[in-house]
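These notes concern the structure reproduced below.
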Amino acid sequence: MFRCLIVDDSPRFAAAARGLLEGGDIAVVGVAATGAEALWRAAEMRPDFALVDIDLGEQSGFDVVRRLHREAGLAPSRLILISTHAEQDYAELIEASPVVGFLSKTELSTAAIHELLRRAHDDEGPVSGLPGR
């Protein structure tokens, strides 16, 4: 079972995402609404991956993923950006970020997450803490 950290400032979305993911084989081990809280939860919970909203109110999800990578030691293959906006709206910023990819909130599913993590596994070899195929 994968362990996930959700970083989103919408309690409503976080609750909906938790319900969706926990209906599959993903355990949500923490929810954070700010970058500081995300760093603390990542250090405490050691998730297999994190879903990070691009728009965290006054904070940028792009800054948060950089900090999670740099300060919490989460590999890019363990970071996924999410948003209600279309991927093409942020394509260059996503490409320059230390993330495995992007998922639209409307397309969020365990299957989509598994596909991104599988691609990272195929591209980089086995990722510590993530099961093989």
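Quick notes on this one:
- For the range 32-82, the tally of residues that are surrounded by 20 or more Cβ atoms within 10 Å (Cβ to Cβ) and assigned to a strand (DSSP E or B) stands at 11.
- Looking only at residues in the range 83-93 that are touching a Phe, Trp or Tyr at 6+ places or on another chain (Cβ under 8 Å) and touching a residue at least 24 places away in the same chain (Cβ under 8 Å), the one that is surrounded by the fewest Cβ atoms within 10 Å (Cβ to Cβ) is Leu93.
- Filter result (among the aliphatic types (A, V, I, L, M), touching a helix residue (DSSP H, G or I) at 6+ places or on another chain (Cβ under 8 Å) and modelled with pLDDT under 95) within the range 57-88: Ala72, Leu74, Ala75
- Contact annotation: residue pairs with Cβ atoms under 6 Å, 6 or more positions apart or on different chains, pairing a residue in the range 44-57 that is over 10 Å from Val28 (Cα atoms) with a partner that is among the polar types (S, T, N, Q), are Ile54/Ser83.
- A count restricted to the range 6-40 and to residues that are of a type in the set (Asp, Glu) and at pLDDT 95 or above stands at 3.
- Within the range 1-12, being surrounded by fewer than 17 Cβ atoms within 10 Å (Cβ to Cβ) and touching a helix residue (DSSP H, G or I) at 6+ places or on another chain (Cβ under 8 Å) holds for one residue alone: Arg3.
The values are calculated or read from the model by the stated rules, or taken from the named source; none is laboratory data. All of these numbers come straight from a predicted model, not from anything done at the bench. Ideal geometry is used to build each Cβ from the backbone, glycine not excepted, and the neighbour counts take in all protein chains shown.
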